[in-house]
Amino acid sequence: MNGDKHQAQGDGNWQVIRQTITVPFAYPVYFGRGLFDAANPLLADVLAGTVPDRRPRLMVFVDRGLLNSSPDLIQRINAWLATWSHRCEGVAPPVVWEGGEAAKTGWEGLKRCVEMIVPLRLDRQSYVVAVGGGALLDLVGLATALIHRGLRLVRVPTTVLAQNDAGVGVKNGIDAWSTKNLIGTFAPPYAVINDYDFLDLLDEVDWRGGIAEAFKVAIIKDRVFFESLCRSVPALMRRDRAAMEFLVKRCAELHLAHIREGGDPFEMGSARPLDFGHWLAHQLEILSGYRVRHGQAVSVGMAVDCLLAESIGWLTGAEAGAVLDGLRSAGLPIWDDALDRRQPDGRRQIVEGLESFREHLGGQLTLTLPRGLGARDEIHDVDMVRLERVFERLARGENISAAGCSTGRSKQSPATDVS
Ligand SMILES: NC(=O)c1ccc[n+]([C@@H]2O[C@H](COP(=O)([O-])OP(=O)(O)OC[C@H]3O[C@@H](n4cnc5c(N)ncnc54)[C@H](O)[C@@H]3O)[C@@H](O)[C@H]2O)c1
Ligand SMILES: [Zn+2]
């Protein structure tokens with residue numbers, strides 16, 4: 001608000017002290033393998049104490065879903081803690097915690113998580129290490145942000161989506177009152193450690209889900225990355241490690257650059273470019289009772305939003321087709337029957353996602369759409385007739401294809417945005 005205008009509106013008895021605080025946030029994001037190999041000092045180095053003469057204290061949460069695929073993980077973490085006990089102190093055995101969306105649905109899990117941490121008497125110089133998927137990281141992130149107004153959180157993301165997106169940013173949250181991420185904070189982590197070994201354990205759905213977020217950031221920010229993604233799809237489908245490592249690192253890099261340089265890390269404005277496709281995705285997750293996972297929902301959301309962009313001339317038919325081809329060939333959905341559910345007045349229930357999205361950010365509705373591949377622009381109003389046509393095209397399974405991933409540039413394409 002303009003200060004002078006504010007003063008002019010008062011009755012003359014008010015005084016004001018204007019206060020601006022600048023706080024730099026810094027956290028490293030590591031990429032590699034073998035974090036809990038007994039000989040690996042990385043975690044001890046990351047925790048290296050800031051309190052003289054005291055070993056850093058830590059506790060570890062482990063995602064149960066991960067453990068199902070890696071039953072010896074707890075033993076390995078215990079062995080690691082024993083090996084490095086001269087440099088850090090594990091204050092409790094690793095805590096196995098439910099993963100998946102259920103972990104962050106409702107207040108109960110948050111309360112239990114806080115109740116688990118508090119008796120361990122961790123202070124603001126102590127560490128909580130969360131090892132798991134995006135949902136577990138969101139839950140533990142919120143709990144640690146609340147206790148003593150912020151314990152130090154080290155995220156160890158273990159899904160593709162968590163390594164390239166959910167785990168590297170500055171947010172946490174839980175779902176409540178049927179709204180995704182309604183309760184949460186902005187709380188940058190102390191550090192993030194992406195260990196690619198965990199990705200080998202994923203089932204097909206979660207291996208592919210994170211590929212959707214890579215498409216997302218490529219479509220609105222980096223055309224070269226988009227084209228390389230399309231080329232690497234066969235390798236990704238064979239679960240080629242090098243192809244996935246490249247995808248995770250590049251996608252994380254683009255997210256981190258956006259947070260660092262995009263000018264709005266804590267989302268004070270009404271726009272959220274990295275949430276391209278998400279107005280629909282969040283609503284689809286809810287409508288489907290979380291049957292559709294986040295990454296798959298984002299894929300459907302991007303298919304809809306790319307056809308919407310095509311309908312207003314921001315993408316050529318070939319570009320929109322290239323996106324749909326890319327998603328389909330990566331085994332990602334571009335339609336779900338939940339999009340056909342209707343309100344009593346005949347409107348599609350999914351369209352409520354637009355209002356929820358606006359409400360979440362506040363202010364004017366702002367949707368980011370690609371404007372040429374690798375670049376973006378915003379719309380503030382959605383033409384419902386156009387949107388309905390998009391739904392109908394996808395519902396009919398209309399053959400929308402670029403005949404491969406050639407991406408003839410649309411006239412409006414601004415330069416690729418690498419911010
Ligand atoms: N905070 C943010 O900025 C942000 C950004 C994007 C997404 N998200 C959130 O992230 C969540 C999605 O995260 P996700 O895709 O990681 O899914 P997820 O956390 O729901 O995990 C998916 C499943 O994989 C299991 N799992 C985890 N690691 C495994 C491994 N290595 N091997 C086998 N199974 C494993 C989990 O137990 C779970 O069952 C959503 O809730 C979404 O809203 C948050
Ligand atoms: Zn997402």
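Within a 10 angstrom radius of the beta carbon, how do 232, 401 rank from fewest other beta carbons to most?
The order, fewest Cβ neighbours first, is 401, 232.
Above 20 Å lies some portion of the pair distances; for the stretch 29-201, what is it as a whole percent of all C-alpha pairs? Could you put the intermediate results ahead of the total?
Values: 6954 of 14878 pairs.
That tail contains 47 percent of the Cα-Cα pairs.
For the chain, with a Gaussian network of springs between Cα atoms less than 10 Å apart, report the residue from 190, 27, 127 with the top mean-square fluctuation.
It is 27.
Suppose R0 equals 25 Å; then what is the FRET efficiency for residue 31 and residue 237 from their Cβ-Cβ distance, rounded to the nearest 0.05?
0.65
In the chain, once you exclude exposed trypsin sites (Lys or Arg not before Pro) (DSSP loop, at most 14 other Cβ within 10 angstrom), what's the longest stretch remaining? Mind showing how you got there, number by number?
Numbers: sites that count: 18, 54, 121, 124, 238, 239, 291, 341, 347, 396, 409, 411.
The segment 125-237 is the longest one with no such site.
For the chain, max minus min Cα coordinate along each principal axis, in Å, sorted largest first?
Ordered largest first, the chain gives principal extents of 71, 65, 44 Å.
Rounded to the nearest 10 degrees, what's the angle between the helix 384-395 long axis and the longest principal axis of the chain, both from Cα atoms, 0 to 90?
Compared with the principal axis, the helix lies near 80 degrees.
Quickly work out the residue 87-to-residue 50 label distance, labels modelled 7 Å from Cα along the C-beta direction, and quote it in nm with one decimal.
1.9 nm
Figure the gain on full extension for residue 118 and residue 14 (residue separation times 0.36 nm, minus the Cα-Cα span) and round it to one decimal in nm. Intermediate results must be reported in sequence, preceding the final value.
On the way: separation 104, 0.36 × 104 = 37.44 nm, distance 4.28 nm.
Length gained, residue 118 through residue 14: 33.2 nm.
On a 0 to 90 degree scale, rounded to 10, what angle separates helix 204-221 from the longest Cα axis of the chain?
Once rounded, one gets 60 degrees.
Stretch residue 257-residue 200 to full length: gain in nm at 0.36 nm per residue minus the Cα-Cα span? Provide the component values of the computation, followed by the final result.
Details: separation 57, 0.36 × 57 = 20.52 nm, distance 2.68 nm.
Gain in length upon complete extension: 17.8 nm.
So what's the angle, to the nearest 10 degrees on a 0 to 90 scale, between helix 317-329 and the longest Cα principal axis of the chain?
40 degrees
How much length, in nm to one decimal, is gained on full extension between residue 249 and residue 395, taken as 0.36 nm per residue of separation minus their Cα-Cα distance? Present the calculation step by step, with values, prior to reporting the outcome.
Values: separation 146, 0.36 × 146 = 52.56 nm, distance 3.42 nm.
Full extension from residue 249 to residue 395 adds 49.1 nm.
Using a 7 Å offset from the Cα along the Cα-to-Cβ direction at both residue 228 and residue 355, what is the distance between the two label points in nm, to one decimal?
That separation, rounded to one decimal, is 4.3 nm.
Once the Cβ-Cβ distance between residue 75 and residue 149 is put in as r, and R0 is 30 Å, what FRET efficiency do you end up with, to the nearest 0.05?
Values: r = 35 Å, r/R0 = 1.15.
Computed FRET efficiency for residue 75 and residue 149 comes out at 0.30.
Quick one: P(r) of the stretch 213-395 from all Cα-Cα pairs, 5 Å bins, percents rounded to integers, in order of increasing distance.
Bins of 5 Å from zero give 1, 8, 17, 21, 21, 16, 10, 4, 1, 0, 0 percent of pairs.
How would 50, 368 line up from fewest to most surrounding beta-carbon atoms within 10 angstrom? If you can, show how the numbers build up before the last one.
Numbers: 50 9, 368 22.
Neighbour counts put them in this order, fewest first: 50, 368.
Just so you know, all these numbers are worked out from the coordinates, no wet-lab data involved. Since we're looking at a predicted model, the values are computed, not measured. Ideal geometry is used to build each Cβ from the backbone, glycine not excepted, and the neighbour counts take in all protein chains shown.
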